[in-house]
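Beneath this line is the structure, given in structure tokens, with notes to follow.
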Amino acid sequence: MSFARLITTTLLGAALAGALAGCAPLVVGAAAGAALMVTDRRTSGIQIEDEGIELRAAARLREAFGDSAHVNVTSYNRLVLLTGEVPNEQAKQRAEEIVSRVENVRSIVNELGVMGVTTLTQRSADTLVTGKVKASIIDASDLQINAFKVLTERGTVYLMGRVTQREADKATQIARGVSGVQRVVRVFETISDEELKRLTAR
């Protein structure tokens, strides 16, 4: 039995809990690794910086928008991905400007949707999809889950990480084959095979 199939039942229960936790207007992207994570291609210092970016950015966005927006802040190697929903185009641009002033932010990918906030049911479904994509990547013998960060918003799966072109293509193919995935957006930092060898040796 594949790992993906084995944990699907567990994910069904976890999805609702994750959605409940995500029903706050502003949500910080998960920074803590799963138990399966052994190594990370970011340095320990960068991992700490990413956590700080997420916390500071979420706090500032909460102060700026209150309950009028639902914004997820996810930082990987100081590249920040903004997902969620804001009421208008001005709020979308303002959110990016606020985050750009957070210390250590290198660049921003603004994927905020101009629309009403998602429902609890939608967030629950997104949580389940994220879990299934992660499990499918774990099932792939030639990929390392610790190299990727996965999140889902309104059926769109976002893939982040420091990966080779082969790894990026393989993970994208896997994600596209998971039920419930409507679209896959790649937010990768591509590294060479030689750099991967150096990171692995480190």
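The numbers here are math on the coordinates, done by the rules we state, and not lab data. Keep in mind that what you see is a predicted model, and the values were worked out from it rather than measured. Here the Cβ positions follow ideal geometry from the backbone for every residue, glycine too, while neighbour counts run over all protein chains shown.
Would you tally the residues in the stretch 136-150 being over 22 Å from Asn72 (Cα atoms), out of contact with any Lys or Arg (no Cβ under 8 Å at 6 or more places or on another chain) and buried (at least 17 other Cβ atoms within 10 Å of the Cβ)? So that I can check it myself, show each step before the final result.
In the first step, residues of the stretch 136-150 are kept if they are over 22 Å from Asn72 (Cα atoms); the result is 136-144.
Now restrict to residues that are out of contact with any Lys or Arg (no Cβ under 8 Å at 6 or more places or on another chain): 136-139, 141, 144.
Narrowing further to those that are buried (at least 17 other Cβ atoms within 10 Å of the Cβ): 136-138, 144.
Within the stretch 136-150, residues that are over 22 Å from Asn72 (Cα atoms), out of contact with any Lys or Arg (no Cβ under 8 Å at 6 or more places or on another chain) and buried (at least 17 other Cβ atoms within 10 Å of the Cβ) number 4.
Here are Asp142, Asp169: which of them is assigned to a helix (DSSP H, G or I) and among the acidic types (Asp, Glu)?
Details: Asp142 fails: assigned to a helix (DSSP H, G or I).
Only one candidate qualifies: Asp169.
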Within the stretch 94-119, tally of residues that are farther than 24 Å from Val184 by Cβ and not in a loop (DSSP other than H, G, I, E, B): 4
Exclusive hit being basic (Lys, Arg) and out of contact with any Leu (no Cβ under 6 Å at 6 or more places or on another chain), set Arg123, Arg62: Arg123
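Assess whether Glu153 counts as being surrounded by 15 or more Cβ atoms within 10 Å (Cβ to Cβ), in contact (Cβ under 8 Å) with a residue 24 or more places away in the chain and either in contact with a strand residue (DSSP E or B) (Cβ under 8 Å, 6 or more places away or on another chain) or closer than 23 Å to Arg78 by Cα (or both). Working first, answer last.
Details: surrounded by 15 or more Cβ atoms within 10 Å (Cβ to Cβ): yes; in contact (Cβ under 8 Å) with a residue 24 or more places away in the chain: yes; either in contact with a strand residue (DSSP E or B) (Cβ under 8 Å, 6 or more places away or on another chain) or closer than 23 Å to Arg78 by Cα (or both): yes.
Spelling it out, Glu153 is indeed surrounded by 15 or more Cβ atoms within 10 Å (Cβ to Cβ), in contact (Cβ under 8 Å) with a residue 24 or more places away in the chain and either in contact with a strand residue (DSSP E or B) (Cβ under 8 Å, 6 or more places away or on another chain) or closer than 23 Å to Arg78 by Cα (or both).
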Condition broken by Thr121, with the remaining ones in (1) β-branched (Val, Ile, Thr); (2) within 17 Å of Tyr158 (Cα to Cα); (3) more than 16 Å from the chain's Cα centre (by Cα) satisfied: (2)
